[in-house]
1. Only one of (1) surrounded by 13 or more Cβ atoms within 10 Å (Cβ to Cβ); (2) in a strand (DSSP E or B); (3) modelled with pLDDT under 95 is not met by residue 292, so which one is it?
2. Determine if segment 115-132 includes at least one residue that is touching a residue at least 24 places away in the same chain (Cβ under 8 Å), touching a helix residue (DSSP H, G or I) at 6+ places or on another chain (Cβ under 8 Å) and farther than 30 Å from residue 225 by Cβ.
3. All but one of (1) closer than 26 Å to residue 253 by Cα; (2) buried (at least 16 other Cβ atoms within 10 Å of the Cβ) hold for residue 78, so report the exception by its number.
4. Determine whether segment 73-89 contains at least one residue that is over 30 Å from residue 320 (Cβ atoms), part of a loop (DSSP other than H, G, I, E, B) and out of contact with any strand residue (DSSP E or B) (no Cβ under 9 Å at 6 or more places or on another chain).
5. Which one of these is touching a helix residue (DSSP H, G or I) at 6+ places or on another chain (Cβ under 9 Å) and at pLDDT 80 or above: 345, 322, 312, 336?
6. So which of 51, 47, 112, 95 ends up being surrounded by fewer than 19 Cβ atoms within 10 Å (Cβ to Cβ) and at positive phi?
7. Return the pair list, or none, for Cβ contacts closer than 8 Å from residues in segment 185-196 that are without any contact (Cβ under 8 Å) to a residue 60 or more places away in the chain to residues that are not in a loop (DSSP other than H, G, I, E, B), at least 6 apart or on different chains.
8. I need the full set of residues from segment 31-44 which are surrounded by fewer than 18 Cβ atoms within 10 Å (Cβ to Cβ) and either outside the structural domain of residue 90 (by TED's automatic domain parsing) or within 34 Å of the chain's Cα centre (by Cα) (or both), in order please.
């Protein structure tokens, strides 16, 4: 569909105009480019899963077509390749006259049986060279996409210099507002966080929505950026009502996630106490295993395992290509739970989950 929209307002000035009807029923992420005598229409076809493809069409007449095609996608990476679900491409020319394409794809890992897991990294960006032959763009020399490419000059990547134990990102808590890279689930009616009431600290305010709610729970997320990485946070929690809970989460969707944190409980004698609480995915959407745990000392001599309101605790998520380990540390006491990635990355009953995990 095509409409005319002026940049300042974004309001449409014309009725929608159908410029091409997809034979697959799903066409999205379209781009129109003019090069030489042709207009080129790039469009993603076949949905966002295994059938995802990128097609190109061209027209001499203009942006409304008619469009001619080659009768096949630009390429197609199947479900048995190391890069899959590729599409949503756009092309550009660099300052030296070379053409490139940037697009989305996933790079799943295999389990112990050699089967590809659902890619918990979600969609990532890929870059390949584009050649123009007889007025048509050729991506990656006509080959399927792989993790290695021979068409680019060597690129220095700072991330390749990171050693085990190095910190590659740390939250800037001296700001007035959150830096780019933080995510909320949906759009909340009001902010659930504050950086100014206690300078140098990020304060979260709970609300009435839990993590399985379709609404916007009090949750801040960072995108997982590597299959092997760790995420650590120090937390203080002083709840005033039983049932209040705070902690860390490995988030896949509202139907599947893993949490570890604290909940305020009331004992039989009426005394309130904090207990460690976990929710672990079972591999079935919407079903999590709920557990309450006591903090175990690392040695028999340690007696500092009692949780007190306002204690500073360390919460840690350690990711590998096939597992997540969630840890809880206080003084010399520690408690840990492990989650298989295949139990986490299950498809929801409605829709899909292709944005990857967050923490």
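1. Status for residue 292: all satisfied but (1).
2. Within segment 115-132, one or more residues are touching a residue at least 24 places away in the same chain (Cβ under 8 Å), touching a helix residue (DSSP H, G or I) at 6+ places or on another chain (Cβ under 8 Å) and farther than 30 Å from residue 225 by Cβ.
3. (2)
4. no
5. Going through 345, 322, 312, 336 in turn, just one is touching a helix residue (DSSP H, G or I) at 6+ places or on another chain (Cβ under 9 Å) and at pLDDT 80 or above: 322.
6. Exactly one residue qualifies, and that residue is 47.
7. 192/204; 193/203; 193/204; 194/203; 195/203
8. The initial filter retains those residues of segment 31-44 that are surrounded by fewer than 18 Cβ atoms within 10 Å (Cβ to Cβ), namely 31-38.
Result: 31, 32, 33, 34.
The values are calculated or read from the model by the stated rules, or taken from the named source; none is laboratory data. Note that the structure is predicted; figures quoted are calculated from it, not measured. Cβ atoms come from the backbone with ideal geometry, glycine included; neighbour counts cover every protein chain shown.
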